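Note sheet for the following structure.
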Amino acid sequence: MKKLKLFKTLFLFLILAGLLTACAYDSKNSHAYLPDAKTENALVYIEQCGACHAVPHPQRLSAAAWKDLVVVMDARREERDHEPLTEAQRNKLMAYLAEHAR
Ligand code: HEC
């Protein structure tokens, strides 16, 4: 009987641990910390600027500073054999950054 109790406790523990990791995983992947995260421009930004590192919050820089930084990231793409941004992608993610910059 003691053994059964131990199994029950272990079972509950595993379920709890599973739930906790599921939540942690979800909050890391839903970019809820970004403003207007579900808009088309945001989705392009998330996809293109989250490919190599965590997606930076747009409030981190001014619109002018983002313009310069995206050029730096063009070089990072090239160094790492990533496809260059298309004009459409660039326009969308720049619009997103300009709108939400600090
Ligand atoms: C091909 C990989 C790659 C992609 C795609 C990429 N980055 Fe980066 N990014 C890097 C690397 C590598 C660094 C760290 C070295 C550096 O600062 O240049 C970095 C650093 C940064 C930093 C920190 C710079 C600092 O000085 O603190 C920011 C902010 C950033 N990236 C924003 C962006 C944005 C915005 C985009 C989308 C336009 C983007 N990244 C796309 C590779 C990438």
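Values quoted throughout were computed directly from the atomic coordinates according to the rules given, and no laboratory measurement underlies them. A quick note: this is a predicted structure, and the numbers were derived from the prediction, not measured. Please note: Cβ atoms are built from the backbone with ideal geometry, for glycine as well, and neighbour counts cover all protein chains shown.
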Could you give the length gained by full extension between Leu6 and Ala64, i.e. 0.36 nm per residue of separation minus their alpha carbon distance, to one decimal place? 14.8 nm
Taking alpha-carbon centroids only, the stretch 85-102 lies from the stretch 41-67 a number of Å equal to 8
Can you list the lysines whose alpha carbon is less than 19 Å from that of Lys38, not counting same-chain residues fewer than 8 positions off? Lys28, Lys92
Would you mind classifying the stretch 40-82 by shape? Square roots of the alpha carbon gyration tensor eigenvalues, ordered a ≥ b ≥ c; an a/c under 1.5 is rounded, otherwise it is prolate if a/b is larger than b/c and oblate if not. oblate
Using the Cα centre of the stretch 30-100 as the reference point, and only Cβ charges (+1 on K/R, -1 on D/E), how large is the resulting charge dipole? Debye, rounded to the nearest 20. 200
